[in-house]
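Trainee: I'd like to ask some things about the structure below.
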Amino acid sequence: MPGAFGKGIDRLCGVLAAPTARGLRRLLALALRETPTAEIRLDWLKNDAERRAFLKWLKVHGPRRAQLIATCRRRVGGGEFAGDAGEELYWLMRAKDAGCAWCDLEVETLRELPGKSVRGYAVPGKVLLSMHDFRKTPIFPKKLTLPDAGGANAIKVAAMARSLADCARLLRLARESRDVVAVAMGEIGLPARVLALREGSALAYAPVAAATAPGQIPLRDLKALYRAHELTRATRVYGVIGNPVGHSLSPLLHNTGYIAAQKDAVYLPFLVENLKAFLKSLPDFGVRGFSVTLPHKEAIFGDLHAVEPLAEKIGAVNTVTVRKDGSLYGSNTDYVGILRALEKKIKLRGARVVIYGAGGSARAAAFALDQAGAQVFVCARRPEAGRKLAKAVGGEAINRSALRSLEFQALLNATPIGMFPQEKASPLAAGELNCSLVMDLIYRPIRTKLLRLAASRNIACVSGVEMFLAQGVAQWEHWMGSKAPESRMRNAVLRALKNEENTRW
């Protein structure tokens, strides 16, 4: 099927959705900077007058070398158009007159046509027959084929992915079938959207601005960050697993490094609710390694075949390498990030440092600080977990009430409280910050509520971004076996965080 829509970049399809003709024209101009292929969502225009105005403009001023797909999806098929099948066909015929070579016709409309065929209607000459299921991923035959009598040239299947197994089935459908577009909807489906072209999907859809379906990746990111149109079966796949994971900047960090170093690799975010189900799906995606974040850093320990000695002591891993025989090797680069971030600010040997939290990140911090010769104190919301961690590093467990009376050189927040999108929360009050330095292991936002409280008391602050960058660079080098382009990676992440901060504040 790749030949039906062209090759490479031609198979990246920008989705244009706006309420006005003027807005749609602006989006088309933006889309054509990235790809010659665009889907025009006529159903998103707010009325017939706007549809008429846009198509009139397109007929006179539209780009002639572009590959345009007209869509006027009815509500029965998951779209915004309130008209009936006849009215939908009317606008698709007008789209042909305006220069659209393709149209998207949902299966619900085809079933209402005489003979269940679009033949004989003056719609664009190439028809993409689409089926959407916004609730689940149906069971498909091993291979999809075009209906003989329908008059369609290709089939699009867009289904809500409820699991990575659903994603794998959609990718398999693209791989085994010809003339099929496979779209995994929802956040769980995001990795499958990136890998769709590699697996043989005729198109990969991405919004230019407003998303028209859950889990979509902006067109610019799909092209420039994930390079979806350049991936092959030889491309090495890595990723980050967590729940939630949509906030992670790890894909930006790692993919920026791959691009700068010209590595044939891609790094994807995997929303993992069921850890064992993810591990079972590794061969389907060809994953060679993955970062581990909340809540899986400790839980994954029992599924590893081998663990580096320090990670075994810590009892948590943030880096997993899939060996050639499929076995999993766990390691931990969090402690590297913590040490590098703190050693730039204070002398750790002999310093009194309190860690707030007792999870995987807290464990990495405790062992790192112990190695550096600091006096480690642990204050945890789960007192028993705090006592166990303190004992493991020869430190001392303290109650939260002690934070108001004891003094420390540094305090580390190793809980997720204050993480985007709950950035208005702080794990601790200003009166509990009796220290010279506060470090928050959260990096998004770059200035958490905790750090702003510390700054208001003239306490030195260290953002979790310093740890995030150091541990991520260590992961990158571990997997790639070469020096990371650290400055490029760092600048990309800091730019994204600063833009986000400017927007928020």
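Trainee: Residues of region 144-160 being assigned to a loop (DSSP other than H, G, I, E, B), in contact with a Leu (Cβ under 8 Å, 6 or more places away or on another chain) and free of Cβ contacts under 8 Å to residues at least 40 places away in the same chain, which ones?
Mentor: L144, L146, P147, listed by residue number.
Trainee: Then there's this: Kindly establish whether E432 is acidic (D, E) and crowded, with 18+ Cβ neighbours inside 10 Å.
Mentor: For E432, the condition - acidic (D, E) and crowded, with 18+ Cβ neighbours inside 10 Å - is met.
Trainee: With the structure loaded, tell me whether K324 is over 24 Å from N243 (Cα atoms), more than 30 Å from the chain's Cα centre (by Cα) and not aliphatic (A, V, I, L, M) or whether it fails that test.
Mentor: no
Trainee: Looking for whichever is among the hydrophobic types (A, V, I, L, M, F, W, C) and closer than 19 Å to Q216 by Cβ here; the options are L27, L55. Which one fits?
Mentor: L27
Trainee: Whether any residue in region 235-255 is within 12 Å of the chain's Cα centre (by Cα), under 24 Å from H132 (Cβ atoms) and either not in a helix (DSSP H, G or I) or not polar (S, T, N, Q) (or both) is what I want to check.
Mentor: yes
Trainee: Mind listing just one residue for me: the one in region 125-161 that is among the basic types (K, R) and buried (at least 16 other Cβ atoms within 10 Å of the Cβ) and, of those, nearest to G215 (Cα to Cα)?
Mentor: Ranking the candidates gives K156 first.
Trainee: Here's something else I'd like to know. List every residue pair whose Cβ atoms sit under 8 Å apart, with the two residues 6 or more apart in sequence or on different chains, where the first one lies in region 311-330 and is in the same structural domain as T293 (by TED's automatic domain parsing) and basic (K, R) and the second, anywhere, is in a strand (DSSP E or B) and surrounded by fewer than 19 Cβ atoms within 10 Å (Cβ to Cβ).
Mentor: R323/Y329
Trainee: Here's another thing I want to ask about it. Can you find even one residue in region 30-38 that is β-branched (V, I, T), in a strand (DSSP E or B), under 26 Å from the mean Cα position of the chain (by Cα) and closer than 27 Å to K116 by Cα?
Mentor: Checked region 30-38: no residue is β-branched (V, I, T), in a strand (DSSP E or B), under 26 Å from the mean Cα position of the chain (by Cα) and closer than 27 Å to K116 by Cα.
Trainee: Let me ask another. Looking only at residues that are modelled with pLDDT of 90 or more and among the basic types (K, R) in region 121-154, which one is nearest to R94 (Cα to Cα)?
Mentor: Looking at the filtered set, the residue picked out is K126.
Trainee: Take the residues of region 352-366 that are at pLDDT 95 or above and either surrounded by fewer than 24 Cβ atoms within 10 Å (Cβ to Cβ) or β-branched (V, I, T) (or both): which is nearest to F301 (Cα to Cα)?
Mentor: I355
Trainee: Then there is this: Could you identify the single residue in A206, A196, A192, A228 that is under 30 Å from P19 (Cα atoms), in a strand (DSSP E or B) and under 17 Å from the mean Cα position of the chain (by Cα)?
Mentor: A206
Trainee: Within region 251-288, can you find the residues that are β-branched (V, I, T), in contact with a Gly (Cβ under 8 Å, 6 or more places away or on another chain) and crowded, with 23+ Cβ neighbours inside 10 Å?
Mentor: Once the filter is applied, which keeps residues that are β-branched (V, I, T), in contact with a Gly (Cβ under 8 Å, 6 or more places away or on another chain) and crowded, with 23+ Cβ neighbours inside 10 Å, region 251-288 yields only V272.
Trainee: Find the residue count for region 87-120, including only residues that are of a type outside the set (D, E, K, R), more than 23 Å from D133 (Cα to Cα) and either assigned to a loop (DSSP other than H, G, I, E, B) or at pLDDT 95 or above (or both).
Mentor: Qualifying residue count for the region: 9.
The values are calculated or read from the model by the stated rules, or taken from the named source; none is laboratory data. Keep in mind it's a predicted model, so treat the numbers as computed, not measured. Note: ideal-geometry Cβ built from the backbone for every residue, glycine included; neighbour counts use all protein chains shown.
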